[in-house]
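Peer 1: Input: one structure, supplied below.
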Amino acid sequence: MITVTEALAHLFDLASPLPSETVSLAQANGRVLVHPVAARRDQPPFSSSAMDGYAVKASEVSAGAQFTVIGEAAAGHGFDGKVSAGQAVRIFTGAPVPEGADRIIIQEDVERTADVITLKDTLDQAPYVRAKGSDFKDGQTIDAPRVLRPNDIALLASMNIAQVPVTRRPRVAIMSTGDELVMPGDTPGPDQIITSNSFGLQAMLQDMGCDTRLLPIARDTEASLRAAFSHCDDVDLVITIGGASVGDHDLVGQVAADLGMQRSFYKIAMRPGKPLMAGRLATGAMMIGLPGNPVSAMVCGTVFVAPVIRAMLGLGAAPAAASEAPLAHDISANGKREHYMRARLQDGKLTVFERQDSALLTVLSDANALAIRPVNDPAKPAGSVLKYIPI
């Protein structure tokens, strides 16, 4: 058995960043920006008014001062002229500040009679002018790599960037194996259960921006497994679930090897998820064989598969991000395998659930963290700080 750290190193050796493609801005949310992009204009492109009011010369502003209104400026319709001494232009939010003016008096601080305004005693000192390029300037860049979110999309649009270079989505095939499995909605036989791991992993991978392919359940025969692998020729990653242990019916490793897989490792010193396997198929695709227990598969998805996807997307080769929190209660000592325990972070404290059986999806559903227990970690009292991975 190898350690979690060693397994991740092997996985990162197998995972290569995918090529880039260009997509429209409307399709870029959630994608990974593959290289920096530069603004194609200043924002704002001209000095503009931050409020509704009157544009005047700042040097003439004082309580009681009077100005003659000579025109109007609105968003999209600037004033075609120059503001001279004693003059003002009625202006609205977003409109260009007229030549000669450098201050906006908000309308609440003005009394107007016909075309003459008088400044009230209540006027403040804010200029209410958004200077040209005060948000960003022509040529200013957005750094990469980064996952683009709605706020980034708004910024890209404002920069006049309509086409965005992003990493191609990873193509992932998910293959559940076992005679005991049926699909949700089907009627299981007396010795069968509903497959769940494949749907949980598919949701996880879709959230990360993958194109996923959920294959039909592969039965515990070489012929069925070979047929399933035949649908994986054009993917970047094949994830098998179950059949990776050493039982008489665990055939995934054997069939994958017969099809040319070069195995990188098998078995990890962790709980849950010991029977993990990885390698490269003859097609060039990476393969990760996950254990069949529901919680084991989902935990391994968080600890191993998600970091692999991030590496493929060009976001770097790094373990799942961990945080720290104090324990809400005492916990007993850990054993000889690194343990990823279902837990709940609430009010800044970590509660580790008592039941850690790798078949209990209800416990996983209630969890929002995986508490990490190192090998031979001693018993810890309440208040001790423990690392965890948010889930």
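The values are calculated or read from the model by the stated rules, or taken from the named source; none is laboratory data. Fair warning: this is a prediction, and the values are worked out from it, not measured in the lab. Positions of Cβ are generated from backbone atoms using ideal geometry, with glycine treated the same way; all protein chains shown enter the neighbour counts. All accessible areas refer to the heavy atoms of the entire protein, side chains included, with ligands and DNA or RNA removed. Shrake-Rupley method; radii C 1.70, N 1.55, O 1.52, S 1.80 Å.
Peer 1: Quickly work out the Lys137-to-Asn151 label distance, labels modelled 7 Å from Cα along the C-beta direction, and quote it in nm with one decimal.
Peer 2: Inter-label distance under the simple model: 2.4 nm.
Peer 1: Starting from 0.36 nm per residue, how many nanometres of slack lie between Asn376 and Glu324 once their C-alpha separation is accounted for?
Peer 2: Working it through step by step, the gained length comes to 16.8 nm.
Peer 1: Rounded to the nearest Å, what's the spacing between the alpha carbon centres of the range 125-166 and the range 72-88? Just the number, please.
Peer 2: When both Cα centres are located, 28 Å separates them.
Peer 1: Let me ask something else about it. Which of Ala223, Ala333, Ala75 moves most in a GNM of the chain, Cα contacts under 10 Å?
Peer 2: Looking only at Ala223, Ala333, Ala75, the biggest GNM fluctuation is shown by Ala75.
Peer 1: Mind listing P(r) for the range 1-144? All alpha-carbon pairs, 10 Å bins, whole percents.
Peer 2: P(r) for the range 1-144, in whole percents per bin: 11, 29, 18, 13, 11, 8, 6, 4, 0.
Peer 1: Follow-up question, since we're still on this one. Can you list the lysines whose alpha carbon is less than 28 Å from that of Lys387, not counting same-chain residues fewer than 8 positions off?
Peer 2: Straight-distance partners of Lys387: Lys267, Lys274, Lys336, Lys349.
Peer 1: I'd like the accessible area for Thr113, computed on protein heavy atoms only with a 1.4 Å probe and all protein chains in place. Round to 10 Å², please.
Peer 2: Per-residue accessible area (Thr113): approximately 100 Å².
Peer 1: At Ala126 and Ala50, where each label point lies 7 Å from the Cα along Cα→Cβ, what is the point-to-point distance in nanometres?
Peer 2: Modelled inter-label distance: 0.6 nm.
Peer 1: Any chance you could list the semi-axes, whole Å, largest first, of the equivalent ellipsoid that the Cα gyration tensor gives for the chain, using √(5λ)?
Peer 2: Three semi-axes, in Å: 61, 26, 17.
Peer 1: About the Cα centre of the range 191-331, what is the dipole size in debye to 20, counting +1 per Lys and Arg Cβ and -1 per Asp and Glu Cβ, all else neutral?
Peer 2: So the magnitude is around 240 debye.
Peer 1: Could you name the lysines in cross-link range of Lys82, using Cα to Cα under 16 Å and dropping any fewer than eight places away on the same chain?
Peer 2: Answer for Lys82, where 16 Å is the Cα cut-off: Lys57, listed by chain and number.
Peer 1: Among 356-369, 286-299, what's the highest-first ranking by average C-beta atoms within 10 angstrom per residue?
Peer 2: Averaged packing, sorted descending, gives the order 286-299, 356-369.
Peer 1: Further question on the same structure: Which percent, to the nearest 5, of DSSP beta bridges fully inside the chain are antiparallel?
Peer 2: Details: 54 of 81 bridges.
Given both bridge residues lie in the chain, the antiparallel proportion sits at roughly 65 percent.
Peer 1: With only alpha-carbon pairs counted, each pair once and no self-pairs, how large is the Kirkwood hydrodynamic radius of the range 156-241 in angstroms?
Peer 2: 14.8 Å
Peer 1: Same structure again: Calculate the FRET efficiency for Ser59 and Asn160 from the Cβ-Cβ distance with a Förster distance of 35 Å, rounded to the nearest 0.05. Present the calculation step by step, with values, prior to reporting the outcome.
Peer 2: On the way: r = 35 Å, r/R0 = 1.01.
So the FRET efficiency works out to roughly 0.50.
Peer 1: Nearest 10 degrees is fine. How inclined is helix 4-14 to the longest principal axis of the chain, computing both from alpha carbons?
Peer 2: Orientation of helix 4-14: about 80 degrees from the principal axis.
Peer 1: So what does log10 I(q)/I(0) come out to for the range 281-391 at q = 0.12, 0.17, 0.21 Å⁻¹, using the Debye formula with one equal point on every Cα and no solvent?
Peer 2: Normalising to I(0) and taking log10 leaves -0.46, -0.86, -1.19.
Peer 1: Roll a 1.4 angstrom probe over the protein heavy atoms and tell me the percent of accessible area of the range 27-117 that is carbon or sulfur.
Peer 2: Answer for the range 27-117 is 45 percent, counting heavy atoms of protein chains only.
Peer 1: While we're looking at this one, here's another question. Count neighbours as other Cβ atoms within 10 Å of each site's Cβ, and list the trypsin sites (Lys or Arg not before Pro) in the range 328-357 that are DSSP loop with at most 11 such neighbours. Please list the in-between numbers first.
Peer 2: Working: sites: Lys336, Arg337, Arg342, Arg344, Lys349, Arg355; in loops: Lys336, Arg337, Arg355.
Passing sites in the range 328-357 are Lys336, Arg355.
Peer 1: Based only on Cα atoms, what mean projected area does the convex hull of the range 293-353 have, in nm²?
Peer 2: 5.6 nm²
Peer 1: Quickly work out the Gln346-to-Val69 label distance, labels modelled 7 Å from Cα along the C-beta direction, and quote it in nm with one decimal.
Peer 2: Simple spin-label model gives 6.0 nm for this pair.
Peer 1: Applying a 10 Å radius around every beta-carbon, put 191-200, 303-312 in order of their mean neighbour count, most first.
Peer 2: Ranked by mean Cβ neighbours within 10 Å, highest first: 303-312, 191-200.
Peer 1: I've got another one for you. Test of understanding: what is the full-extension gain from Arg40 to Ala333, defined as 0.36 nm times their sequence separation minus their Cα-Cα distance? Could the numbers behind the result be given before it?
Peer 2: Working: separation 293, 0.36 × 293 = 105.48 nm, distance 5.88 nm.
Result for the pair: 99.6 nm of gain on full extension.
Peer 1: In whole Å and largest first, what semi-axes does the C-alpha gyration tensor of the range 244-321 yield when each eigenvalue is scaled by 5 and square-rooted?
Peer 2: Semi-axes (√(5λ), whole Å): 21, 18, 9.
Peer 1: Would you mind getting me the FRET efficiency between Gln262 and Val23? Use the beta-carbon distance for r and R0 = 41 Å, nearest 0.05.
Peer 2: Details: r = 34 Å, r/R0 = 0.82.
My answer for the efficiency is 0.75.
Peer 1: Could you tell me the calculated FRET efficiency between Ser16 and Ser196, based on Cβ-Cβ distance and R0 = 35 angstrom, to the nearest 0.05?
Peer 2: The computed FRET efficiency comes out at 0.70.
Peer 1: Can I ask one more? Could you identify which residue out of Ala38, Ala154, Ala65 has the top mean-square fluctuation in a GNM of the chain using Cα springs shorter than 10 Å?
Peer 2: In the Gaussian network model the winner is Ala65.
Peer 1: Oh, and also: Just round it to a whole percent: the fraction of Cα-Cα distances in the range 111-254 exceeding 21 Å.
Peer 2: Working: 6708 of 10296 pairs.
Value for the range 111-254: 65 percent of Cα pairs lie more than 21 Å apart.
Peer 1: Could you give the angle, 0 to 90 degrees to the nearest 10, between helix 197-207's Cα long axis and the longest principal axis of the Cα atoms of the chain?
Peer 2: Long axis of 197-207 versus the principal axis of the chain: about 20 degrees.
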